[in-house]
């Protein structure tokens with residue numbers, strides 16, 4: 001049961017008062033196509049393969065394209081550092097790109113800021129993230145007996161400042177026309193402006209059952225499954241790439257939502 005909650009359950013970071021993160025609105029007419037993917041979780045190779053497919057598909061579509069990443073870039077998979085570095089670099093030519101905050105990204109950042117009050121991250125898929133930065137948590141904490149504050153300082157020194165600044169800058173929602181992109185979902189029936197950051201990056205129920213209960217389409221990740229879910233007013237695209245699934249790419253073009261299938 002503990003493992004279940006680590007993977008799929010409630011919040012692990014201490015809730016602190018913080019400024020609300022950005023919610024961005026974009027004109028739908030600016031983009032000929034939108035491609036969305038979520039929950040990369042350190043799977044850098046899968047990210048590069050998915051982005052290659054996106055670029056190849058988009059080459060047949062004239063006009064500007066939008067690339068949406070829906071959060072959870074770190075933890076579980078082996079190359080979180082490389083994923084964040086990729087997001088620090090320019091998007092493919094002809095694309096605008098927005099990367100949203102996921103709950104794992106938020107917990108990672110909270111640990112970097114205040115390890116003493118957010119040490120639960122260490123049991124939240126953090127091991128591979130730390131290893132991707134060359135930090136051996138078991139050796140430092142158990143064998144060398146570092147305090148959590150000492151360990152946190154070592155981790156801060158290992159993470160490039162550009163990665164930390166990226167995590168601080170991530171918005172929690174992007175709206176394009178009537179489509180809302182978020183990490184987890186929204187509280188049903190509540191306008192986006194009234195949603196808390198925590199709801200947008202952590203919610204499951206009642207959103208998964210009820211949908212948004214607004215005249216919008218919500219595209220989200222956060223809740224893994226074996227295949228994409230086309231629900232009531234929502235499309236869930238977390239297909240658990242870090243646990244042996246695929247990295248799903250949702251394509252929105254010509255008022256249609258389709259899954260961009262792998263070429264192999």
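The values are calculated or read from the model by the stated rules, or taken from the named source; none is laboratory data. Since we're looking at a predicted model, the values are computed, not measured. Glycine gets a Cβ as well: all are built from the backbone with ideal geometry, and neighbour counts include every protein chain shown.
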Applying the selection to region 223-263, what residues are assigned to a strand (DSSP E or B), in contact with a strand residue (DSSP E or B) (Cβ under 7 Å, 6 or more places away or on another chain) and over 27 Å from residue 64 (Cβ atoms)?
229
Just one listed residue, out of 215, 226, 188, is surrounded by fewer than 16 Cβ atoms within 10 Å (Cβ to Cβ) and farther than 26 Å from residue 43 by Cβ, and it is 215
Do we find that residue 64 is surrounded by fewer than 18 Cβ atoms within 10 Å (Cβ to Cβ), over 22 Å from residue 223 (Cβ atoms) and at pLDDT 95 or above in this structure?
yes
I'd like to know if region 134-150 contains one or more residues that are free of Cβ contacts under 8 Å to residues at least 24 places away in the same chain, more than 15 Å from the chain's Cα centre (by Cα), closer than 18 Å to residue 106 by Cβ and not in a loop (DSSP other than H, G, I, E, B).
no
Given (1) under 13 Å from the mean Cα position of the chain (by Cα); (2) outside any loop (DSSP other than H, G, I, E, B); (3) crowded, with 24+ Cβ neighbours inside 10 Å, identify the lone condition not met by residue 101.
(2)
Among 256, 234, which is the only one that is buried (at least 19 other Cβ atoms within 10 Å of the Cβ), modelled with pLDDT of 95 or more and either farther than 20 Å from residue 54 by Cα or more than 20 Å from the chain's Cα centre (by Cα) (or both)?
234
Among 93, 119, 147, 132, which is the only one that is more than 30 Å from residue 64 (Cα to Cα) and surrounded by fewer than 14 Cβ atoms within 10 Å (Cβ to Cβ)?
147
